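What follows is calculated from the coordinates using simple rules that are stated; it is not laboratory data. Remember, predicted model here, so these are calculated numbers, not experimental data. No Cβ is skipped: glycine too gets one built from the backbone with ideal geometry, and neighbour counts run over all protein chains shown.
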Amino acid sequence: MEGKDEVTNKMEKLNVDEVKEEEKVDPNDRQATGEVEVSEGIQDFHRNQESRFLSSSSDWNDEKLGIPEKIKQALVDAEVLKPSKIQAYAVPIVTDNPDKSVVAQSHNGSGKTFAFALCGLLRVDPNDKNLQILVLAHTRELVHQIYEQIQILNKYTQYKVTEVKKEDKVPSIGQVTVITPGK
């Protein structure tokens, strides 16, 4: 196991900054330098419109996000009015180049799960009924949480999204399947 100093050195090399709660960061300063900084705990889908962690996009209608109308309507129904920074960062990458891989990091509760669920649904081909997105999570509870968030976005697209449960003898596989390895 690595010592604390070794981990700290590796984190410094990766330029991973930890934002303290008491720090007030002007989001315009970070955007001007091209950095993406996300660090708010948002546990439900109702956004605090005064939050410093929301993106500069005014709403989901921003053309650079490229969100289809059916998903926009699901977002409005869920009262997710503005994308978080991690969502505003990841979604344009996926819509501009669907074959590109995206690796993003942000703090707990910043909207990462919603971001990758949204990016995943943007990649689904509605004409192909085979498995297209496989989400692996390390606990059954996390599988269920991810499944629920995908279902919020899937309200009008109606892709086949499945959650594989421990008790499933023969699991149902959809276009998007959420599963944990092992039993």
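What is the sum of charges, Lys and Arg at +1 and Asp and Glu at -1, for the other residues whose Cβ falls under 12 Å from the Cβ of K70? Charge balance in the 12 Å sphere: 0.
Rounded, prolate or oblate: which one fits region 38-179, using the alpha carbon gyration tensor with axes a ≥ b ≥ c (rounded when a/c is under 1.5, else prolate when a/b beats b/c, else oblate)? It would help to have the intermediate numbers written out before the result.
Details: a/c = 1.79, a/b = 1.42, b/c = 1.26.
It comes out prolate by the Cα gyration axes.
State the extension gain, in nm to one decimal, for the chain segment bounded by E148 and K166, taking 0.36 nm per residue of separation less the distance between their alpha-carbons. Don't skip to the answer; put the middle values down first.
Details: separation 18, 0.36 × 18 = 6.48 nm, distance 1.68 nm.
Working it through step by step, the gained length comes to 4.8 nm.
In this label model, N61 and D96 are separated by 2.4 nm, measuring between points 7 Å along each Cα→Cβ vector. Residue order for S110, S84, S101, S172, fewest other beta carbons within 10 angstrom first, comes to S101, S172, S110, S84. Counting charges near Q175 (Lys, Arg +1; Asp, Glu -1) among other residues having Cβ under 9 Å from its Cβ returns a value of 0.
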